[in-house]
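Enquirer: One structure, as structure tokens, below. Some questions next.
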């Protein structure tokens with residue numbers, strides 16, 4: 001049997017029309033696949049036009065329903081074909097090269113049909129004026145989509161300038177405007193930045209040559225409106241020499257001005273940098289502080305420092321030489337910052353034995369840590385209790401890490417404060433020397449006591465539905481858990497009563513109790529149970545062996561009685 005495929009052939013046709021620069025919008029509608037449109041307009045040499053495309057229903061894509069191009073009188077492209085989708089689009093201002101009849105081609109892709117509205121603008125010359133570095137702000141205004149603003153100023157080689165854009169009021173498009181600083185030869189100086197109504201800031205730029213520079217304001221897509229430009233004459237960065245242990249205050253006065261402070265350092269010297277007295281105004285209130293090596297590369301950085309200050313923790317200087325601290329107020333900020341470099345004493349070292357005596361460590365300078373080592377065996381289980389935390393000089397927090405013999409972290413606990421902390425049971429993966437790293441945060445220093453436990457195997461057992469209660473005692477070593485198994489059948493209802501709970505000293509949070517399916521997933525996710533006890537109920541989904549998990553929280557130990565029934 002011969003199969004015959006149906007083939008529909010559409011012929012490409014053009015429908016001619018006209019449009020006028022600065023005239024009313026024109027809507028074209030393609031009712032059949034293959035229909036294209038040619039809209040002609042008369043133009044003069046040097047005339048500038050832009051084209052806005054709205055109310056697009058051609059195709060179903062936000063990017064590629066129809067191709068739009070503009071051809072010169074000789075048929076060559078003035079604007080190459082550009083894809084436009086249902087969100088519309090905008091062809092920015094172009095200058096007509098000769099006088100004559102130009103043509104806009106509207107070419108729906110594939111079998112797309114639908115309509116599109118075209119508005120052709122007669123774009124006037126760019127708004128031009130002058131602006132003075134360090135002088136009064138200038139407001140630039142545009143009235144037709146595609147029109148830009150050019151603010152020129154005389155600059156000298158080595159001069160430093162920054163640009164503030166404020167009071168941005170744009171309509172007709174996305175609301176964004178692009179601002180760039182151009183060299184006398186028209187090339188770009190510095191980055192191009194996109195600003196919205198909140199305005200923004202072009203950071204300090206150093207002029208390479210003497211001549212006439214331009215601040216170029218380009219409203220994006222079909223935006224028109226106004227923006228206020230302030231051009232700052234930025235003085236040299238603040239410089240100074242710092243001495244370890246002596247606070248140094250720096251003050252910047254013009255947006256874009258930074259500070260470069262130097263200090264002498266020696267190889268293997270350990271330092272911290274305290275950033276305080278942050279008093280900035282005019283912008284976001286943030287400052288970036290970077291410590292640079294003698295070769296100019298970065299040693300350490302603290303970004304987005306606000307009025308609360310910050311602390312660059314212990315850094316070991318790699319070489320002897322002159323180091324630099326760069327203070328960079330962000331965006332329009334000016335004001336003062338106080339920095340202090342401090343020497344850091346060698347870390348405290350000590351040893352501890354799992355199951356042995358507690359060890360107290362005391363740090364005496366900000367940035368100093370404690371390293372407490374112990375020998376462990378593969379498969380050994382340990383937990384760590386942190387008590388007697390007495391820290392001063394900062395926020396009162398300490399981070400504690402348990403590190404493997406290769407230096408990687410096995411487990412950790414952060415933001416431990418005066419109430420103490422606990423690293424739950426961890427199984428040592430290899431035999432070797434392990435290290436407990438005690439790291440007081442920020443400028444904190446002081447003492448704490450470590451107790452390292454040798455945790456025995458978890459308790460295991462069984463319980464029967466409808467059988468006698470089972471009582472467990474966990475401890476005296478914190479970190480020990482327990483599991484009880486029971487046989488259950490699909491659709492069976494069970495109730496688990498938890499009583500005589502002495503784990504912990506709270507009514508809510510002594511232990512986490514869960515019921516697990518035979519495949520190890522939760523029937524009842526872990527719930528926190530305290531000294532008041534609790535009752536858990538569940539419908540068993542399958543027949544098999546279920547598991548009840550008992551996990552004391554923090555360093556709690558104690559007893560619990562479990563009663564399993566089928567209501």
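The values are calculated or read from the model by the stated rules, or taken from the named source; none is laboratory data. Just so it is clear, the model here is predicted, and its values are computed rather than measured. Every residue, glycine among them, receives a Cβ derived from its backbone with ideal geometry; neighbour counts consider all protein chains shown.
Enquirer: Condition (residue is part of a loop (DSSP other than H, G, I, E, B), farther than 19 Å from residue 310 by Cβ and at pLDDT below 95) applied to region 259-280: is it met by at least one residue?
Expert: Looking through region 259-280, none of the residues is part of a loop (DSSP other than H, G, I, E, B), farther than 19 Å from residue 310 by Cβ and at pLDDT below 95.
Enquirer: If residue 33 passes every condition in (1) under 24 Å from residue 87 (Cβ atoms); (2) modelled with pLDDT of 95 or more but one, which one does it miss?
Expert: (2)
Enquirer: Also, I was wondering about something else. Does residue 452 satisfy the criteria of being surrounded by 21 or more Cβ atoms within 10 Å (Cβ to Cβ), modelled with pLDDT of 95 or more and either under 24 Å from residue 552 (Cα atoms) or under 36 Å from the mean Cα position of the chain (by Cα) (or both)?
Expert: On the way: surrounded by 21 or more Cβ atoms within 10 Å (Cβ to Cβ): yes; modelled with pLDDT of 95 or more: yes; either under 24 Å from residue 552 (Cα atoms) or under 36 Å from the mean Cα position of the chain (by Cα) (or both): yes.
Yes: the conditions hold for residue 452.
Enquirer: Go through region 65-114 residue by residue and tally those that are closer than 16 Å to residue 20 by Cα and either in a loop (DSSP other than H, G, I, E, B) or not assigned by TED's automatic domain parsing to the domain that holds residue 34 (or both).
Expert: So the count comes out to 4.
Enquirer: Continuing with this model, one more query. Considering only region 177-191, I want to know if a residue exists there that is without any contact (Cβ under 8 Å) to a residue 12 or more places away in the chain, more than 30 Å from residue 45 (Cα to Cα) and not assigned by TED's automatic domain parsing to the domain that holds residue 50.
Expert: Looking for residues that are without any contact (Cβ under 8 Å) to a residue 12 or more places away in the chain, more than 30 Å from residue 45 (Cα to Cα) and not assigned by TED's automatic domain parsing to the domain that holds residue 50, one finds at least one in region 177-191, hence yes.
Enquirer: Under the condition of being loosely packed, with under 13 Cβ neighbours inside 10 Å and not in a strand (DSSP E or B), which residue from region 293-305 is farthest from the chain's Cα centre (by Cα)?
Expert: Selected residue: 295.
Enquirer: Now, a different point. Does residue 473 satisfy being under 30 Å from residue 356 (Cα atoms), assigned to a loop (DSSP other than H, G, I, E, B) and over 42 Å from the mean Cα position of the chain (by Cα)?
Expert: No; evaluated as a whole, the condition is false for this residue.
Enquirer: Consider residue 319 against the criteria (1) free of Cβ contacts under 8 Å to residues at least 60 places away in the same chain; (2) in contact with a strand residue (DSSP E or B) (Cβ under 6 Å, 6 or more places away or on another chain); (3) surrounded by fewer than 19 Cβ atoms within 10 Å (Cβ to Cβ): it satisfies all of them except one. Which criterion is unmet?
Expert: Unmet condition: (2).
Enquirer: Could you figure out which of (1) outside any loop (DSSP other than H, G, I, E, B); (2) crowded, with 19+ Cβ neighbours inside 10 Å isn't true of residue 255?
Expert: Just one mismatch for residue 255, condition (1).
Enquirer: Could you tell me which numbered condition residue 198 fails, if it satisfies all but one of (1) more than 20 Å from residue 53 (Cα to Cα); (2) surrounded by 16 or more Cβ atoms within 10 Å (Cβ to Cβ)?
Expert: (2)
Enquirer: List the strands (runs of 3 or more DSSP E) inside region 207-251, counting only whole elements, that have at least 3 residues being touching a strand residue (DSSP E or B) at 6+ places or on another chain (Cβ under 6 Å) and surrounded by 18 or more Cβ atoms within 10 Å (Cβ to Cβ). Walk me through how you get there before you give the answer.
Expert: Working: elements: 211-219, 224-233, 238-241.
Because the criterion is at least 3 residues that are touching a strand residue (DSSP E or B) at 6+ places or on another chain (Cβ under 6 Å) and surrounded by 18 or more Cβ atoms within 10 Å (Cβ to Cβ), the strands (runs of 3 or more DSSP E) in region 207-251 that meet it are 211-219, 224-233.
Enquirer: Check every one of the strands (runs of 3 or more DSSP E) wholly within region 379-421 and list those with 1 or more residues that are buried (at least 18 other Cβ atoms within 10 Å of the Cβ) and in contact (Cβ under 8 Å) with a residue 40 or more places away in the chain.
Expert: Correct list: 381-392, 398-403.
Enquirer: If the requirement is being in contact (Cβ under 8 Å) with a residue 40 or more places away in the chain and either under 37 Å from the mean Cα position of the chain (by Cα) or assigned to a loop (DSSP other than H, G, I, E, B) (or both), which of these qualifies: 494, 425?
Expert: Just one listed residue meets the conditions, 425.
Enquirer: With (1) farther than 18 Å from residue 415 by Cα; (2) assigned to a strand (DSSP E or B) as the list, and residue 361 as the residue in question, which single condition is left unmet?
Expert: In the conditions (1) farther than 18 Å from residue 415 by Cα; (2) assigned to a strand (DSSP E or B), residue 361 misses (1) alone.
Enquirer: Pairs only if they're at least six apart or on different chains, beta carbon under 9 angstrom, first in region 97-124 and on the phi > 0 side of the Ramachandran plot and touching a residue at least 60 places away in the same chain (Cβ under 8 Å), second buried (at least 16 other Cβ atoms within 10 Å of the Cβ) and assigned to a strand (DSSP E or B); list them, first residue then second.
Expert: From region 97-124, the pairs are 114/30; 114/66; 114/108.
Enquirer: What do you reckon, is residue 157 farther than 23 Å from residue 55 by Cα and either in contact (Cβ under 8 Å) with a residue 12 or more places away in the chain or assigned to a loop (DSSP other than H, G, I, E, B) (or both)? It would help to see each step written out before you state the result.
Expert: Details: farther than 23 Å from residue 55 by Cα: yes; either in contact (Cβ under 8 Å) with a residue 12 or more places away in the chain or assigned to a loop (DSSP other than H, G, I, E, B) (or both): yes.
When the stated conditions are applied, residue 157 passes them.
Enquirer: Conditions first: (1) part of a strand (DSSP E or B); (2) surrounded by 15 or more Cβ atoms within 10 Å (Cβ to Cβ). Residue 509 passes all but one, so which condition is the exception?
Expert: The single condition residue 509 does not satisfy is (1).
Enquirer: Related question: Which number in (1) farther than 29 Å from residue 403 by Cβ; (2) without any contact (Cβ under 8 Å) to a residue 60 or more places away in the chain marks the one condition that residue 526 misses?
Expert: Unmet condition: (1).
Enquirer: State the number of residues belonging to region 116-140 that are part of a strand (DSSP E or B), more than 35 Å from the chain's Cα centre (by Cα) and more than 30 Å from residue 105 (Cβ to Cβ). Give the steps one after another, and end with the answer.
Expert: Of region 116-140, the ones part of a strand (DSSP E or B) are 116-123, 127-130, 138-140.
So of that shortlist, the ones also more than 35 Å from the chain's Cα centre (by Cα) come out as 116-123, 127-130.
From what is left, the residues that are more than 30 Å from residue 105 (Cβ to Cβ) are 127-130.
Of the residues in that region, 4 qualify.
Enquirer: When you check residue 447 against the structure, is it more than 30 Å from residue 377 (Cα to Cα) and either in contact (Cβ under 8 Å) with a residue 12 or more places away in the chain or in a loop (DSSP other than H, G, I, E, B) (or both), yes or no?
Expert: Criteria not met by residue 447.
Enquirer: Okay, next question. Please find, among 462, 419, the residue that is modelled with pLDDT under 95 and closer than 21 Å to residue 552 by Cβ.
Expert: 419
Enquirer: Say whether the condition of being assigned to a strand (DSSP E or B), outside the structural domain of residue 383 (by TED's automatic domain parsing) and more than 38 Å from the chain's Cα centre (by Cα) is met by at least one residue in region 516-533. It would help to see each step written out before you state the result.
Expert: So the first thing to find is which residues in region 516-533 are assigned to a strand (DSSP E or B), and the list is 516, 522-529.
Within this subset, residues satisfying the condition of being outside the structural domain of residue 383 (by TED's automatic domain parsing) are 516, 522-529.
Keeping just the survivors that are more than 38 Å from the chain's Cα centre (by Cα) gives none.
Checking region 516-533: not a single residue is assigned to a strand (DSSP E or B), outside the structural domain of residue 383 (by TED's automatic domain parsing) and more than 38 Å from the chain's Cα centre (by Cα).
Enquirer: Which of the following residues is surrounded by fewer than 17 Cβ atoms within 10 Å (Cβ to Cβ), at pLDDT 95 or above and more than 22 Å from residue 73 (Cα to Cα): 100, 158? Reasoning before the result, please.
Expert: Values: 100 fails: more than 22 Å from residue 73 (Cα to Cα).
None of the other options fit; the residue is 158.
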